[in-house]
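What follows is calculated from the coordinates using simple rules that are stated; it is not laboratory data. None of the values given here were measured: they were computed from a predicted structure. Cβ atoms come from the backbone with ideal geometry, glycine included; neighbour counts cover every protein chain shown.
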Amino acid sequence: MKFFSLLFSAVALVGTALSVAAFAQAPAAGEHPHPPAAAPTNLKVLPKTMTGEEVHELMHKWAEQLGTECGTCHAADPTKKGPNGRPMLNFPDDSKPEKAAARLMYGMVETINSQYVSKIENSGEPVTCGTCHRGHLDPPQFVPPPEHHEHGAPPAGAKPAGQ
């Protein structure tokens with residue numbers, strides 16, 4: 001009887017230790033598990049002083065704001081397989097036009113924030129990818145709300161009746 005009690009205690013102790021270890025390594029909600037990011041080697045618009053982790057964090061923010069995945073801009077490397085058996089991404093590769101578009105859009109956002117938004121007093125938050133994209137790779141088309149007309153006046157730019 002004492003043997004089973006000791007065995008049960010040992011199993012419980014090992015189970016607790018494994019649970020604690022798994023919990024300590026589990027990513028937080030919204031966090032993507034990944035190995036430490038390597039130093040970036042092909043930065044063309046981002047500051048060359050950024051670390052791999054900083055670039056990785058920024059890329060995940062952009063992906064969330066665009067409602068997309070890393071493979072949208074980064075080409076797969078068929079010579080390297082990940083733990084899941086799928087090709088790993090070749091981050092320095094510039095062959096996808098989406099990557100060129102992302103670089104162009106980043107420059108546009110930086111220009112809007114530095115040349116325009118920053119010059120408006122109390123302008124609030126800077127522009128981000130999400131300002132226009134709102135979670136979609138292609139920004140949703142803007143549909144203006146129905147116009148409010150005071151005193152029966154026609155909307156601005158409307159032709160008067162009878163023309």
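Between rounded, prolate and oblate, where does segment 49-138 land on the alpha carbon gyration tensor, with a ≥ b ≥ c its root eigenvalues, rounded for a/c under 1.5, else prolate if a/b exceeds b/c? Before the final figure, lay out each step's value.
On the way: a/c = 2.45, a/b = 2.30, b/c = 1.06.
Because a/c hits 1.5 or more and a/b exceeds b/c, segment 49-138 counts as prolate.
Shown for K48, K99, K61: other C-beta atoms within 10 Å of each C-beta, ranked fewest to most, produce the order K48, K61, K99.
Electrostatic bookkeeping for A100 treats Lys and Arg as +1 and Asp and Glu as -1; over the other residues with beta carbon under 14 Å from its beta carbon, the sum is +1.
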